[in-house]
Amino acid sequence: MKKIAVAIQKGGVGKTTMSLSLAAELALQGKKVLLIDADPQGNSTGTLLESFDHDLAEALYGDVTIDQVISATTVENLFVIPTNSIDRKGSRSLKTYRSSEAQKEPYIFVDLCDEVEKLGFEYCIFDTSPAFDAFEEDIMTASDEVVVVIKADAYSQDGLQIFKDNLDSYKKRRRVQNPKFETIVLNEINRSIKLTDIISEGLNAGDFNVVYVPVDQDFKYATIERQTIQQRGGKKETLDALKKLADLIK
Ligand SMILES: Nc1ncnc2c1ncn2[C@@H]1O[C@H](COP(=O)(O)OP(=O)(O)OP(=O)(O)O)[C@@H](O)[C@H]1O
Ligand SMILES: [Mg+2]
């Protein structure tokens, strides 16, 4: 089973959008895919499910088994471990786990992924928080590869540099090689703005695979309608970019 974290410490750049879209693309291609909503905001859960019985935090605390926490979605082959966006007061929520327990259990997601693999999943995608703390490090520890999403704006280079520094420091400290970092999604590009070309030149010079995703309002409509972009339909350029992304991480 291949494990991919979609990450960057910057908020609102499209991590959830790309996690969902990548997971849905692989599922459409017949792969059995699990999306883990590892962000207390629970955004990918909100798009995929109207309701659910158990969530990721319960699995991490060991209150439920892995098969109890995996929910089917309206997309064939696509399953999700949901996260409750509303913090249940006094309960063992993901927010609580993230801040109080994550540091103590660096291999929690390695163990969880082992259980997931036994259920026949071929891909596991993590949608992560806009942060790089102990909890995100635990996700990195379980991941083969990280896909970074940046927006084509003036701050993207800084955000990318901070991420690289965080990842390097994590790898050095833990003396690990993984996750590999080869793929960047340059999101919300607008070819009529020269900045896009400048940013993309800079990225290519860094030897990354770059996937260009255009500004596409269909992403927003899809979210409102609780659909994936493939279910709703988007620009051809968008759908082609998602196919390319899936090919790169396969
Ligand atoms: N290519 C795109 N074109 C148009 N809108 C987009 C595109 N990508 C993402 N969006 C929109 O931008 C907003 C933020 O995206 P998203 O929630 O995926 O970001 P995020 O990085 O997961 O945020 P957070 O850091 O809070 O988790 C959403 O409303 C989403 O629909
Ligand atoms: Mg998100």
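Are there any trypsin sites (Lys or Arg not before Pro) in the stretch 136-223 that are in a DSSP loop and have at most 13 other Cβ atoms within 10 Å? List them by number.
Sites meeting the loop and neighbour criteria: R175, R191.
Radius of gyration and Dmax for the stretch 2-249's Cα atoms, expressed in Å?
Every Cα atom of the stretch 2-249 included, Rg and Dmax give 17.2, 52 Å.
With axes computed from alpha carbons, what is the tilt in degrees of helix 236-249 against the longest principal axis of the chain, rounded to the nearest 10 within 0 to 90?
Value to nearest ten degrees: 60.
With r defined as the distance between the Cβ atoms of D207 and R232 and R0 fixed at 51 Å, what FRET efficiency is calculated, to the nearest 0.05?
0.90
In the structure shown, do any of K10/K250; K3/K32; K31/K104; K118/K243 have a Cα-Cα gap over 23 Å, and if so which?
The pairs that break the limit, which is 23 Å between Cα atoms, are K10/K250; K31/K104; K118/K243.
Every number in this text was worked out from the coordinates using simple rules, so none of it is lab data. The structure displayed is predicted, hence computed values, not measured ones. Quick reminder, even Gly has a Cβ in these numbers, built from the backbone with ideal geometry, and neighbours come from all protein chains shown.
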